[in-house]
Amino acid sequence: MSAVPPDRPTAAIAPPEAAPPREGRAGRRAARLPQLNLFRVFDAAAQHHSFTAAADELCVTQSAVSQQIRQLEEFLEVRLFRRLPRRLELTREGTALAGVVHEALAMLGRACDRIADPATPTVLCVNAAPALASRWLVPRLKRFMETHPLVKVTLLASNDPVDFDRQDIDVAIRWGSGRWPGVRAEPMGREPIFPVCSPSLLPDGRPLRRAEELSRHTLLQVVHGHSWTAWQEAAGGIGVDLAESLYFSDASLMLEAAAQGQGVGLSSYLLVESELKSGRLVRAFETELTTEDGYYILSSPEYGDKPAIANFRAWIRAEAEAAIDGRQPISSK
């Protein structure tokens, strides 16, 4: 036998990835599955060993059952039943398929029952702005779950845009103007915006009286956050040279810097509620800034009224309104 010349490689040494895709019935079956209803008909026929009895169970005609079994056999390219004069017998292939199909349909049925069962806990995915999630929402979640034991909350922290059609989110909380196209947006409450700082920056315990006094302090600000210029206008300090600013990417970082005495920051009430009550932060100025923006509860117009989502929306609105309405007035000493 003559050797193969080195410049004429054979197909046997071609790399595996160069091999053409497999064809035939195995390749076709891997690409798609028969319609689920064909399996339901097959399961009924296999259980009763009769097309007529299967038709009675499924409330269809005997010819419809026979036709759908033939469709399944043609798709699989095997015979599933031996048609005997008075009964059906499963073939070897039919016997192998029958047990798997019966168990798969039973598993689907059990899963659907669990989902529809009102006693099954509902998992609610809430996506909130990071600062609000960590500083205000987390301490309250246990109270919600205690009053709604069949709702389990998963909390995500993000400022990313929300798309209820593409993301597995039930409720979102974002700061903004309330204009989100295609989304139900409900205000959590009208929050005032005001300066806060560490008590160490106010030695006499009194808030600052004039905007000019801010020139002695570093102004802390969140990128794309509340504007010191807008607050300055509300305080009547137009034209006053304010101090240098230190910028942060997140409100929590800014407020932590304020608590450590690094400067004066602007904040909405809900973000500093716990620090004001503990005394870790104090209001640095009496003047409050009222804006059209605020925290909003976002939900899907299509699914927002499902019981678990509706209960959470109502609960968080009540929590926010109670916190804002019950806030302590600034000290007048």
Assuming L155 fulfils every condition listed in (1) over 21 Å from the mean Cα position of the chain (by Cα); (2) of a type outside the set (F, W, Y); (3) surrounded by 14 or more Cβ atoms within 10 Å (Cβ to Cβ) apart from one, which condition is it? (1)
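Does any residue of segment 186-205 turn out to be over 29 Å from E275 (Cβ atoms) and open to solvent by 30 Å² or more (accessible area, probe 1.4 Å)? First the steps, then the outcome.
Taking segment 186-205 as the starting set, the residues that turn out to be over 29 Å from E275 (Cβ atoms) are none.
No, because not a single residue in segment 186-205 is over 29 Å from E275 (Cβ atoms) and open to solvent by 30 Å² or more (accessible area, probe 1.4 Å).
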Report those strands (runs of 3 or more DSSP E) wholly inside segment 206-323 carrying at least 3 residues which are open to solvent by less than 60 Å² (accessible area, probe 1.4 Å). 219-222, 264-268, 294-299
From R92, R82, R110, R25, residue being farther than 30 Å from Q221 by Cα, modelled with pLDDT under 90 and more than 37 Å from the chain's Cα centre (by Cα): R25
Of the residues in segment 46-94, those that are charged (D, E, K, R), over 17 Å from Q35 (Cα atoms) and open to solvent by 80 Å² or more (accessible area, probe 1.4 Å) number 8
Kindly establish whether L201 is aliphatic (A, V, I, L, M) and touching a Phe, Trp or Tyr at 6+ places or on another chain (Cβ under 9 Å). no
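The values are calculated or read from the model by the stated rules, or taken from the named source; none is laboratory data. Keep in mind it's a predicted model, so treat the numbers as computed, not measured. Virtual Cβ from ideal backbone geometry, glycine too; neighbours counted across all protein chains shown. Accessible surface areas use protein heavy atoms only, side chains included; no ligands, DNA or RNA. Shrake-Rupley method; radii C 1.70, N 1.55, O 1.52, S 1.80 Å.
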